[in-house]
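Beneath this line is the structure, given in structure tokens, with notes to follow.
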Amino acid sequence: MIKIRDLKIRLGKKQVLNGVDLDIPTGKTVVVMGRSGTGKSVLFKNIIGLMHPDSGSIEVDGQEVVGLREKDLNEVRKRFGVLFQSGALFDSMTVGENVGLPLREHTKLPDAEIAKRVADRLEWVGLKGVEAMKPASLSGGMRKRVGLARAIAMDPAYILYDEPTTGLDPIMSDVINRLIRSLQQRIGVTSIVVTHDMNSAYHVADEMALLNEGRVVFTGTPDEARTTSNPMVRQFIEGSSEGPIKP
Amino acid sequence: MTEWLEDGYDYLRDKLIDGIAEVGRIAMLVGDTFRKLGRGLRSFGLVVDQMDHIGVQSLMLVFIVSLFTGAVAAVQAGYQFANVVPLKFIGSVILRSVIIELGPVLTALIVGGRVGASIAAELGTMRVTEQIDALDAMAINPVRYLVVPRVVAAVIMLPMLTIIANFIAIIGGWIVCVTTLDVSTHTYVTSMKTFFFMKDLWSGLIKAFFFGGIIAWMGCYYGFRTEGGAEGVGIATTRAVVSACVLVLVSDYVIANVLFRFIFAS
């Protein structure tokens, strides 16, 4: 379980996160929604220690990660898989080398075992036999799926998805949504999905959280989000420029 | 008038603070590289890849520049010796100017342009496309994985390239001497042997070792600090090359002073 309490961070003159409180229960998929620039990606980067908050607390399985030394932080990071918005694949490596990188760096598995694990994970995301391809020759959807295969290579307890469907066509978005769901069912992983794609959010979420002006202003199930009278949630779901959320 | 002075003062103060902060950040990167050196060297395959990129792929450029550097040195020496110094000494002048100064410095400037730009552009692109964040997220330290192999490869390959550059430049000088200055091969070689001192060669190679580190660290530092998109990568690349070239020349003076006034003085 991840517990975030009173998380604050200022970037330049802007208070990006201003007291975020959020729980991510074990085995659940929590979708963090919000307009562009509301701090969703900053929250995501704080959880994994890529950014450091000014104050507040982030507990992962009871362990405080804010202020951890690099060595200890890396041990926490090994429990996470991360799918970046662009896939963040290494251009100089093949698909197989990309997916196998965390295994080569953190395990003593023999090459044959790594190759087998890479092939398995690529098959899980529907990309059998692409190990020798270079990232530059992949479509946007394939890049995200390879990124996802890399994220699950180490059998993580948590997966963070940063805008997993952004830039994809509706059919490929559905493929990614189904993958997120199937991974949760297959390996019981706890997921945090940062997105502003409502279709995707409804598809994958066990719980939803709306971030606005640096705070979580709503948490609830997808059904509660559909029926809530919270004007911010209503405005966000309906995609209206008029309401309490300033455009 | 007072407002103009205050603005000028604020501008200079901010620039000074930025400059000090930049030096501090570079020093931290250098320190971090030494701390991660042991673990970084375990992935020796990455170092070998960079040795190919930094050294082997620079060979043709170094060859062409060195050949003409030696040739120009011979032409200049021939012109300045005319009616003043006998041409039988021309070999030693070319040899010593090449191995002490021209070989290491020109090689560093050429490699600084080619490799410094390439490292900054590569790491800068990795920064803006979240690849460096991805390394961190996978608990793979980017300094260990990206900086250590480049710095180690550069400090190994720059002296090697300098040895090759020295050799080619001496051949360039010999071609001009025997074809246009009427100096025989025997005279050229004898002159070089008479005034050759091992410490001259060592001084050039020691410089090249430090120049290699400077080029790789500048490329890595500005690559890591890249912000924005393509424009940011362009800015990082320019800064890496300019700062590497300036630092090569400044450190050349400092190292030459230390070597020839203290270490090789006797």
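The values are calculated or read from the model by the stated rules, or taken from the named source; none is laboratory data. Values in this document were obtained by computation on a predicted structure and should not be read as measured data. Positions of Cβ are backbone-derived with ideal geometry, glycine not excepted, and every protein chain shown enters the neighbour counts. Side chains included, ligands, DNA and RNA excluded: accessible areas come from the protein's heavy atoms. Shrake-Rupley method; radii C 1.70, N 1.55, O 1.52, S 1.80 Å.
For the reader, a short list of remarks on this structure follows.
- Estimated inter-spin distance, A:LYS28 and A:ASN230, nm [label 7 Å along Cα→Cβ]: 1.3 nm
- Hypothetical label at B:ASP14: residues of the stretch A:5-49 whose amide nitrogen lies under 19 Å (7 Å Cα-Cβ projection): A:11-14
- Loop chymotrypsin sites (Phe, Trp or Tyr not before Pro), the stretch A:180-247, which have at most 11 other Cβ atoms in a 10 Å radius of their Cβ (DSSP): none
- Applied to the stretch A:90-99, the Karplus parametrisation 6.51 cos²θ - 1.76 cosθ + 1.60 on θ = phi - 60° returns per-residue 3J(HN,Hα) values of 7, 4, 7, 10, 6, 4, x, 5, 4, 5 Hz, with x for Gly and Pro.
- Sequence-separation-based contact order of chain B, relative, with Cα cut under 8 Å and 6+ spacing, percent: 31 percent
- Note on B:LYS199 and A:ASP174: the model spin-label points, each 7 Å out from Cα along the C-beta direction, lie 8.0 nm apart.
- When Rg and the Kirkwood Rh are both derived from Cα coordinates, the Rg/Rh ratio for the stretch B:1-99 amounts to 1.28.
- Average partner coverage of A:77-88, which counts Cβ from other chains inside 10 Å: 4
- Of all DSSP-defined beta bridges confined to the protein assembly as shown, some 55% are antiparallel rather than parallel.
- Computed lengthening from A:ASP155 to A:LYS108, 0.36 nm per intervening residue step minus Cα-Cα distance: 15.4 nm
- Multiplying the residue separation of B:VAL242 and B:ALA82 by 0.36 nm and removing their Cα-Cα distance gives an extension gain of 53.8 nm.
- Estimated FRET transfer efficiency (B:TRP4, A:ASP54; beta-carbon r; R0 35 Å; 0.05): 0.40
- Taken one residue at a time, the phi angles of the stretch B:47-63 give Karplus couplings (6.51, -1.76, 1.60, θ = phi - 60°) of 5, 4, 4, 6, 4, 5, 5, 7, x, 4, 6, 9, 4, 4, 4, 4, 4 Hz. Gly and Pro are set to x.
- Each Lys and Arg adds +1 at its Cβ and each Asp and Glu adds -1 at its Cβ; summed about the Cα centre, the stretch B:36-263 shows a dipole of about 600 debye.
- For chain B, built as a Gaussian network whose Cα springs stay under 10 Å, the top-fluctuating residue of B:VAL248, B:VAL75, B:VAL111: B:VAL75
- A:ALA115/B:PHE260 FRET efficiency (R0 60 Å; Cβ-Cβ; nearest 0.05): 0.60
- Here the simple spin-label model places points 7 Å from the Cα toward Cβ, and for A:ARG10 and A:THR94 these points are separated by 5.1 nm.
- The stretch B:36-263, accessible area per residue, ligands and nucleic acids excluded (1.4 Å, Å²): 44 Å²
- Dimensions of the protein assembly as shown based on its C-alpha atoms, expressed as ranges along the principal axes with the largest first, amount to 100, 72, 38 Å.
- Taking a ≥ b ≥ c as the square roots of the eigenvalues of the alpha-carbon gyration tensor, the stretch B:56-196 is classed prolate because a/c is 1.5 or more and a/b outweighs b/c.
- ³J(HN,Hα) computed for each position of the stretch B:27-44 - Karplus, 6.51 cos²θ - 1.76 cosθ + 1.60, integer Hz, glycine/proline x: 4, 5, 5, 4, x, 4, 4, 5, 5, 8, 4, x, 5, x, 6, 5, 8, 5
- Accessible area buried, both sides summed, chains B and A with 1.4 Å probe, Å²: 1600 Å²
- For chain B, the Kirkwood hydrodynamic radius comes to 20.3 Å, computed from all pairs of different C-alpha atoms.
- Reciprocal of mean inverse Cα separation for the stretch B:119-248 (Kirkwood radius, Å): 17.3 Å
- Normalised by 2.2 N^0.38 Å, with N the number of residues, the alpha-carbon radius of gyration of the stretch A:1-117 equals 1.23.
- Shape category assigned to the stretch A:154-200 from the gyration tensor of Cα positions, a/c cut at 1.5: prolate
- The lysines within cross-link reach of A:LYS8, meaning a Cα-to-Cα straight distance under 20 Å and a gap of 8 or more places when in the same chain, are A:LYS40, A:LYS45.
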